[in-house]
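Read through the structure below, which is laid out as structure tokens, and then see the notes.
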Amino acid sequence: MLDARARRAIPLIAAALTVIVVAGLIYLRPAAPASAVVKGPPTVPIVPALYSVSYDFISPSVGWAVAVERQGSPRVWVYQTTDGARTWQGRFTGHDAMGGSATIHFFDRDHGLLYAGVLYRTNDGGAHWSVISLPEGTPNFVFASATRGWAVVSEFDQQATTHLYSTVDGGLFWHRVDSSPPPGAALWGRALPMTLGFRSDGEGWTGTEESSPTVYSTRDGGGSWRAIALPMPARVTPTPGGKGFFGYNTFVVLLPVNGVVAQVGDGFGNTWMFTSFDRGQSWRSISPPPSPAELSDLSFVDSRHWWASRWDNLFKTSDAGQTWTPVATVTPDISGDWTFGPAQVIDAKHAWLVMSSVNRRNAATGLMMTSDGGLNWTAANVPKPG
């Protein structure tokens, strides 16, 4: 028999158990499904159309960017990244005398050049920049190292004449090279792709325009030049003096460490290419980059491993252009309509490229990078000028 106090406790215990069970049921009941969240493609960090920007990387982590305001105040901004474009730090603000564009190039972590109508150089990784002279202010120059460079000055009076200058101290002093540049050297300065190239030991090459396919080479820094005839492919019929024939245009690209690529065009749409690894003593025909890539789209891992890319097409060769293999690039999942520039190789796995919006009203640019040999590309951060 339960006493009265125990009998009164039973309903209280039962009530408590009911609360616990109900609470347990409430806890165990699955939550109502949340509304499905659909994520769109990620947005791309962009540099607004108000600015043009150029990049240069010496390693997957270390690079520089130069931005120029297309309109308004003639300013140029230099930025550096040390973490693979995750962040950018401002390093320099200078004067743009070229009208909305600039280029930057570093030879190592400390030594670099910046051209914005005025040539600047740095010896401390971009912390400080100084203006260096160019002969008669010519924009036609090339530096093979931080100290050794060449410049071409063209004079157009009654007839076009050209003069070659060189420097061995990074542009502090220039001296005029005694010999005359090769015939046709006035083509330097017509914005033709890579028509003049030098190595730091004084080896130099240039393309030209003549009645037969010809390039010129020097081994003494431009003191003397020799003409080198290029082979004529069997499929191409020589047409000197033919109707509409103005000569053969040649362009030369220096390969890393050793070797050159020479391209010939006849003005009728025919082009052919050669390589030489013995300073022009012998030439070997190669296949041009597959369409839509062109000579100016080549980028080199070394003298035999090359990339060629245009838009979203990437091709590679491991035998100095004898054969090309397409790379199945995964189109990046990003918002907006973009066109992709040529890939610029850092090493066999890493490269970068500039992407541009196809919207003419908002021609912004972005930066893409790859770390797996071009299979996959990701949008990287960009500097914020202004």
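FYI, it's all coordinate maths here, none of it is from the lab. Because the structure is a prediction, the values reported are computed rather than measured. Here the Cβ is made from the backbone with ideal geometry for all residues, glycine too, and neighbour counts use every protein chain on show.
Below are the figures for this structure:
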{"quantity": "Rounded Å value of the spacing that divides the Cα centres of segment 273-323 and segment 72-103", "calculated": "31"}
{"quantity": "Residue 212 long-range amide H proximity, modeled H, under 5 Å", "calculated": "248"}
{"quantity": "Highest average packing first - 368-379, 306-317, Cβ atoms within 10 Å", "calculated": "306-317, 368-379"}
{"quantity": "Rounded to whole Hz, the Karplus (6.51, -1.76, 1.60) HN-Hα couplings of segment 318-325, x for glycine and proline", "calculated": "10, 10, 6, x, 5, 9, 10, 10"}
{"quantity": "Pair residue 318, residue 97: separation of 7 Å Cα→Cβ label points (nm)", "calculated": "4.9"}
{"quantity": "Residue-wise HN-Hα coupling along segment 112-125, computed from phi with Karplus coefficients 6.51, -1.76, 1.60 (Hz; x: Gly, Pro)", "calculated": "x, 10, 10, 10, 9, x, 10, 9, 10, 9, 9, 10, 9, x"}
{"quantity": "Computed label-point distance, nm, for sites residue 311 and residue 330 using a 7 Å Cα→Cβ extension", "calculated": "2.3"}
{"quantity": "Under the Karplus curve 6.51 cos²θ - 1.76 cosθ + 1.60, θ = phi - 60°, whole-Hz ³J(HN,Hα) for segment 334-346, x wherever Gly or Pro sits", "calculated": "9, 7, x, 9, 10, 10, 10, x, x, 6, 10, 6, 9"}
{"quantity": "Estimated FRET transfer efficiency when R0 is 35 angstrom, pair residue 201-residue 73 (beta carbons, to 0.05)", "calculated": "0.25"}
{"quantity": "Residue 271 versus residue 147: modelled label distance in nm, points set 7 Å from Cα along the beta carbon direction", "calculated": "3.8"}
{"quantity": "Listed peptides 48-61, 327-340, 275-288 by packing density, highest first (mean Cβ within 10 Å)", "calculated": "48-61, 275-288, 327-340"}
{"quantity": "Loop-resident sites, segment 61-137, for trypsin sites (Lys or Arg not before Pro), counting at most 10 other Cβ within 10 Å (DSSP)", "calculated": "86"}
